[in-house]
Amino acid sequence: MGTQSNISDTLSGKIILIVGGTSGIGLAAAIQAKSFGAKVIVVGFDAERAKEAAEQHGLSGWRAADVTKRAAIESALADIEHVDHLVLLAGSFVVGKVLEADVDHLRRAFEERVWAAIYTLRALGDRLAADGSVTFISGALVDRPNAYGTAVLAAASAAMEALARGLALELAPRRVNTLSPGPIDTPLLGKALGDGRDAFVEGVSGQHCHYIVSGALRKPGRQSCS
Ligand SMILES: NC(=O)c1ccc[n+]([C@@H]2O[C@H](COP(=O)([O-])OP(=O)(O)OC[C@H]3O[C@@H](n4cnc5c(N)ncnc54)[C@H](OP(=O)(O)O)[C@@H]3O)[C@@H](O)[C@H]2O)c1
């Protein structure tokens, strides 16, 4: 891991576009990148939340677009001249059992991740710096399944890992990586589950004792559960 000063040397003045950067993990990353001198532009679904996040944290810009809509993401990124580092974190907690849930709902797991990544990369094209990077997010569900209706979300997350490996070759010399966090306490579960959030966390806690200590999820930006 780099020291504070060499991270600043690397990020200072760089333009970082964080799709899904208006809340949770993405917003924590945006705040941290800004603290290292980067110019951060965040994209989210909800315009009010995006504007508020950018204004409250002094970010360089914000956009609102549904990443599952190709034309919307193209239009949102049209006036951004250059991006050094692209971070793709947008996504909702798509939960539902394969034999029970609405199929269009389950399909969103892939649309928000795999197809959104393809739309965003194509929208930026050569505006993504040749010496820049692309970062995707996957998740611990890929290797630690549970019986709570997350099989399709796990599959979409695993697909991001495969996509990154192929894109690392296609987009070289740009670097392409995927992060795979365990459960982190963000607004994600509350947005999808509402009042059912606590019961879900309780149920999954038993299966993810390595990640969730005493029923508490990690906070974004924190290195450990304690
Ligand atoms: N939290 C975890 O435990 C965990 C673990 C592993 C992986 N992940 C993944 O990490 C990513 C970020 O999760 P988080 O926990 O930080 O969630 P979060 O706080 O809900 O943030 C999600 C971000 O994605 C945006 N977004 C969602 N759907 C979008 C869409 N269709 N178009 C544009 N933007 C959209 C949200 O914008 P709005 O707020 O406006 O909707 C927000 O900026 C997700 O892909 C999630 O699956 C999370």
Within the set of pairs 6 or more residues apart or between chains, which connect a residue that is under 19 Å from ALA140 (Cβ atoms) and assigned to a strand (DSSP E or B) inside segment 175-196 to a residue that is acidic (Asp, Glu) and more than 6 Å from the ligand (Cβ to nearest atom) with Cβ atoms less than 6 Å apart? THR178/GLU161
May I ask you to verify whether ALA168 is more than 24 Å from ALA28 (Cβ to Cβ) and part of a loop (DSSP other than H, G, I, E, B)? no
As an exercise: evaluate ARG174 against (1) more than 21 Å from SER205 (Cα to Cα); (2) buried (at least 20 other Cβ atoms within 10 Å of the Cβ); (3) in contact with a Gly (Cβ under 6 Å, 6 or more places away or on another chain) and give the number of the one condition it does not meet. (2)
Being in contact with a strand residue (DSSP E or B) (Cβ under 6 Å, 6 or more places away or on another chain), surrounded by fewer than 20 Cβ atoms within 10 Å (Cβ to Cβ) and either more than 20 Å from LEU188 (Cβ to Cβ) or small (Gly, Ala, Ser) (or both) is the requirement here; does ALA47 meet it? yes
Would you tally the residues in segment 197-209 being more than 14 Å from the ligand (Cβ to nearest atom) and assigned to a helix (DSSP H, G or I)? 4
What residue, of LEU188, LEU153, LEU179, is at pLDDT 95 or above, in contact with a Phe, Trp or Tyr (Cβ under 6 Å, 6 or more places away or on another chain) and within 10 Å of the ligand (Cβ to nearest atom)? LEU188
Please return the ranges of helices (runs of 4 or more DSSP H) entirely within segment 18-136 where 3 or more residues are touching a residue at least 40 places away in the same chain (Cβ under 8 Å) and within 8 Å of the ligand (Cβ to nearest atom). 24-35
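The values are calculated or read from the model by the stated rules, or taken from the named source; none is laboratory data. Predicted model, so just to flag it, every value in this text is computed and none were measured. Backbone-built Cβ (ideal geometry, glycine too); neighbour counts: all protein chains shown.
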